[in-house]
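The values are calculated or read from the model by the stated rules, or taken from the named source; none is laboratory data. Quick caveat: nothing in here was measured; it's all calculated off a predicted structure. A quick note on method: Cβ atoms are made from the backbone with ideal geometry, for glycine too, and the neighbour counts reach across all protein chains shown. Keep in mind that these areas ignore ligands, DNA and RNA; they rest on the heavy atoms of the full protein, side chains included. Shrake-Rupley method; radii C 1.70, N 1.55, O 1.52, S 1.80 Å.
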Amino acid sequence: MSVSLKRLLDKADKALARKDYAAAGAQYEEAVTLTPDAHRAWFGLGEVALGIGQPDTAATFLEHAVQLQPEAVRYRQRLGETCGRLGQTENGLEHLLTARRLAPKDAGVLCSLSGAYVKLGNWHKAKAVLQEVVRLPHPLGAHYCLLGLACQHLGELDEAMAAFRKATVLAPHYPDAWLSLGFLYAEKKLLDKADACLQKLLTLAPDEAGTPELAGDLAWTRGDTREAADFFRRAANSAPTNAYTQAKLAVVLVQCGDALAAIDAMERAHALGISEDWILEKLGAMFALKHWTPMARKNLEMAVERNPDNTSAWNTLIVVYSKSGESEKVRQAADTILAKDPDNVFALMNLATWYIDQGRHDEALALLERSQKIAPQNRYVYSKELWALLSASSAKVADILNVARTMDERIFRPQRRANNFAHHNHDPERRLRIGWLSSDMRKHPVAAFVLPFLRHLDHEALETFIYYTFSEEDNVTAQIKPLVEHWRAVAGIGDDALTDLIEGDEIDILIDLNGFTDSNRMEIDARKPAPIQATWLGFPGTSGMSAMDYIFTPPDPVLEKGDWCTETPWPLPDCYGVRADISDVAVEPGLPCERRQAPFTFACLNHFRKASEKTIELWSRILVQLPEARLILVALGGKDDATIRYFRGQFEHRGVDPRQVEFRGYVPQRQYYESHNEIDLGLDPFPFNGGTTGYDSIWMGVPFVTWPGEHLSARMGKAILENVGLHELVAKSADDYVDIAVRLARDREHLKELRAGLRERMLASPLLDAPRMARNLRDAFRSMWRRWCETQNTSSHPN
């Protein structure tokens with residue numbers, strides 16, 4: 001390089017440093033005119049173009065610089081970053097990977113590379129790169145802050161917290177570190193620690209918008225809505241174009257009852273693109289998720305009052321009405337939507353749910369088939385249809401399989417990743433990494449079946465990971481977390497990132513505990529992040545997924561044939577599941593009808609949606625033969641007059657005196673258990689048997705009659721009864737079901753024999769033997785893994 005060229009470039013560099021882009025650009029242009037291969041000048045032109053907001057032009061200049069000097073790390077880094085800004089993420093990643101090969105310990109390059117992985121949605125790799133950064137000498141607080149954000153996105157909240165804490169130690173005057181740590185503490189409900197971060201921010205950066213927003217969130221969490229409103233006002237003043245800060249302010253002002261101020265905030269939010277009804281709708285949805293039903297209803301009704309065309313608010317309102325048991329309002333809201341939009345799939349599905357809740361499965365199925373034609377890519381249509389088919393007496397196994405396979409073909413199969421798991425250790429006897437995917441590790445029936453065996457798992461044979469997909473935790477969650485080696489809070493993680501996380505954890509066997517229940521993450525299963533996948537507990541039927549290898553079942557020759565599912569059935573020895581301690585409500589001695597001097601009482605405490613047309617027919621035959629007997633049933637809307645009239649009409653037109661049938665709504669849990677002391681004999685619905693309620697019934701000393709069907713949910717009652725020696729209550733036909741119920745109602749001495757010591761028999765049975773279940777699961781996992789390893793070894797070494 002000539003002396004004159006060097007002086008010209010030095011002069012240009014100084015102009016660039018003081019952001020005199022016009023002077024710097026002119027001088028760099030002069031340099032490339034004099035010396036076309038002056039790579040430093042081409043790079044400078046790229047920097048000028050970036051400075052004046054022309055990334056397209058910058059990329060051209062930077063590419064030329066890289067061509068002239070391909071080993072220049074700084075050039076590669078800047079070109080990679082610029083490609084990322086232009087959406088050319090794969091191209092940018094290549095340049096940054098090259099820069100890392102040239103300078104493997106350059107913190108700036110590594111941070112840029114992690115940013116590229118973030119743009120590609122690969123947070124797992126972004127985290128790995130940032131871990132390299134913090135292992136370098138003299139890492140910065142900002143580096144740990146970035147690492148914390150990556151961990152937080154992956155649901156590794158404890159690691160994120162450790163990284164943010166380290167950032168605050170290394171850079172105690174760095175506001176972003178304290179802000180990130182504060183919001184994470186708030187998310188974890190560690191309010192005292194979050195408040196300590198806030199106090200630090202009030203010293204370091206009191207005027208930055210994030211500081212009062214964190215203060216507002218903390219006040220809102222504590223229920224101090226007026227204080228929250230004051231903080232959100234300050235945040236909104238600091239960031240006046242942030243629509244969501246304005247929306248938060250509007251929401252808390254509504255809660256404060258400060259109508260005029262709320263309207264002002266709503267108008268500002270609306271001016272920034274948020275509508276008033278949207279704010280009310282989202283507030284209502286939030287309350288609905290928290291099960292604050294009255295407040296959800298109030299806000300959603302306000303939303304549809306302000307905008308009757310807000311179909312999203314109407315659909316959420318349907319859910320709220322349904323939870324309140326207001327059946328007629330459910331139907332009216334659905335009709336309102338469909339009058340405006342006859343093809344609104346969510347309204348059709350909600351109306352189908354209304355029919356299902358009333359046991360009108362064929363009408364529900366007709367609506368769901370219509371929905372499927374309108375939205376063939378909406379997986380929720382198929383899953384709701386599967387639920388309806390499990391309960392419909394008109395449905396055949398072939399119907400269930402057809403819907404499940406269609407869903408897989410259209411929705412799940414295309415999502416599968418090409419992964420042969422060649423990197424996995426194929427040692428059949430090593431310690432296995434077991435992943436559990438669930439939203440229900442909280443106060444929920446599924447957790448009641450998981451907590452017992454977790455206490456007894458063989459940790460020398462199994463390393464346990466739980467991927468918890470729900471946003472809130474409770475006292476049950478607190479009991480479960482210490483029992484597993486790895487707890488992943490992944491509620492806010494996208495499907496690809498969560499799949500990456502599971503793959504990164506090198507899970508050997510992934511158990512989906514949701515199936516098609518609320519808050520499920522079936523798209524993760526579809527991507528096949530583990531060599532072996534199985535489904536259990538949540539949804540008592542086939543997933544239809546080609547990516548799902550096994551489905552756990554009770555030991556049952558009919559189920560073991562596997563002609564009802566797409567998975568390979570894996571029968572668990574002894575029983576399907578083990579419950580935790582069920583209730584301390586005592587079993588009152590003797591027959592309730594004699595003790596209470598009341599009519600002989602049958603009951604089914606399952607939701608009435610399980611009562612198929614055939615079930616109602618057989619229950620009616622029983623009541624007609626026993627005109628002095630009564631039947632207690634539970635239905636959503638059991639206190640709704642119109643609903644009760646409809647339900648009773650189903651029995652009345654079959655010859656039953658309507659006074660024989662009592663419908664009840666949902667009751668608190670203890671009252672539910674106490675109600676068993678009114679019941680002489682239970683009646684299991686079909687084809688969808690009781691599961692949790694079957695365990696409860698036996699625990700409370702109430703035997704029940706069941707008629708097994710052809711698939712998993714239709715054979716649950718049989719599996720429960722046979723474990724406590726009540727084989728004679730398993731009917732062989734419809735007539736046998738009726739005969740058993742009638743005979744026991746008349747032969748009360750024999751019924752007393754069947755009821756005697758039932759709780760004690762259950763305590764001595766596999767149904768409550770958690771150590772046995774833990775051993776059975778360990779052995780099942782080992783057998784699955786050996787089978788997989790054998791298959792892999794065979795395919796790797798063909799004859």
message = Can you give me the Kirkwood hydrodynamic radius for segment 615-733, using every pair of distinct Cα atoms, in Å to one decimal?
response = 15.1 Å
inquiry  = Quick check: residue separation of Ala162 and Asp641 times 0.36 nm, minus the Cα distance between them. What number comes out in nm?
reply    = 166.8 nm
query = Among the DSSP beta bridges whose two residues both lie in segment 462-549, what percent are antiparallel, rounded to the nearest 5?
reply = 0 percent
inquiry  = Restricting the calculation to Cα positions, tell me the Rg (one decimal) and the Dmax (whole number) of segment 144-215 in Å.
reply    = 11.0, 31
query = So what is the diffusion coefficient of segment 330-415 in µm² per second by Stokes-Einstein at 4 °C and 1.567 mPa s, using a Kirkwood Rh over Cα pairs?
reply = 99 µm²/s
remark   = Here the FRET efficiency for Glu363 versus Asp309, based on Cβ atoms and R0 = 25 Å and rounded to 0.05, is 0.40
query = Under 17 Å from the Cα of Lys11, which lysines turn up, not counting those fewer than eight places away in the same chain?
reply = Lys19
task = Could you sort 691-697, 558-564 so that the peptide with the highest average Cβ count within 10 Å comes first and the rest follow in order?
result = 691-697, 558-564
key: Euclidean distance between Cα centres, segment 308-383 to segment 115-156, Å   = 44 Å
query = Between Asp224 and Leu34, how many nm apart are label points set 7 Å from Cα along the C-beta direction?
reply = 6.5 nm
ask   = Mind checking the alpha-carbon convex hull of segment 486-546 and giving the volume per residue in Å³?
value = 86 Å³
task = For segment 199-280, state which trypsin sites (Lys or Arg not before Pro) are in a DSSP loop and have at most 12 other beta carbons lying within 10 Å of their beta carbon.
result = Arg222
Charge sum, other residues only, whose C-beta stays under 9 Å from Thr311's C-beta, Lys/Arg counted +1 and Asp/Glu -1 = -1
remark   = From the Cα centre of segment 174-225 to that of segment 466-484, the distance in Å is 25 Å
request  = Past 24 Å, Cα to Cα, is the threshold; run Lys298/Lys329; Lys329/Lys384; Lys323/Lys481; Lys105/Lys193 against it and keep the listed order.
outcome  = Lys323/Lys481; Lys105/Lys193
message = Just to confirm the filter: which trypsin sites (Lys or Arg not before Pro) across segment 104-154 are DSSP coil and have at most 14 other Cβ within 10 angstrom of their Cβ?
response = Lys105
inquiry  = Under a crude label model (7 Å from the Cα following the beta-carbon direction), how far is Glu588 from Glu328 in nanometres?
reply    = 3.4 nm
remark   = Distance in nm between Lys732 and Lys373 label points, each 7 Å along Cα→Cβ, equals 4.5 nm
ask   = How big is the shadow of the Cα convex hull of segment 3-153, averaged over all directions, in nm²?
value = 9.4 nm²
remark   = Across all Cα atoms of segment 477-614, Rg and the largest Cα-Cα distance (Dmax), in Å, are 20.1, 64
Label zone at Gln479 (point 7 Å along Cα-to-Cβ), backbone N below 14 Å, segment 429-453 = 441-453
ask   = Can you list the HN-Hα couplings for segment 565-577, worked out from phi with the Karplus curve (6.51, -1.76, 1.60; θ = phi - 60°), rounded to whole Hz and with x for Gly and Pro?
value = 9, 8, 7, 8, x, 10, x, 7, x, 6, 7, 7, x
query = Alpha carbon centre of segment 527-598 versus segment 29-66: separation in Å?
reply = 67 Å
note = In degrees, nearest 10, the alpha-carbon axis of helix 157-170 is tilted away from the dominant principal axis of the alpha carbons of the chain by 30 degrees
task = Before rounding to the nearest 500, sum -39500 (n - 2.57) across all DSSP H runs of length at least 4 in the chain and divide by the residue total; then give [θ] at 222 nm in deg cm²/dmol.
result = -18000 deg cm²/dmol
inquiry  = Students often forget the sequence filter, so: which lysines lie under 17 Å Cα-Cα from Lys200 once same-chain residues fewer than 8 apart are removed?
reply    = Lys166
key: Per-selection metrics, the chain (Cα): Rg and Dmax in Å   = 31.8, 114
request  = Keeping the other protein chains in place, figure out the carbon and sulfur percent of the accessible area of segment 492-545, with a 1.4 Å probe.
outcome  = 32 percent
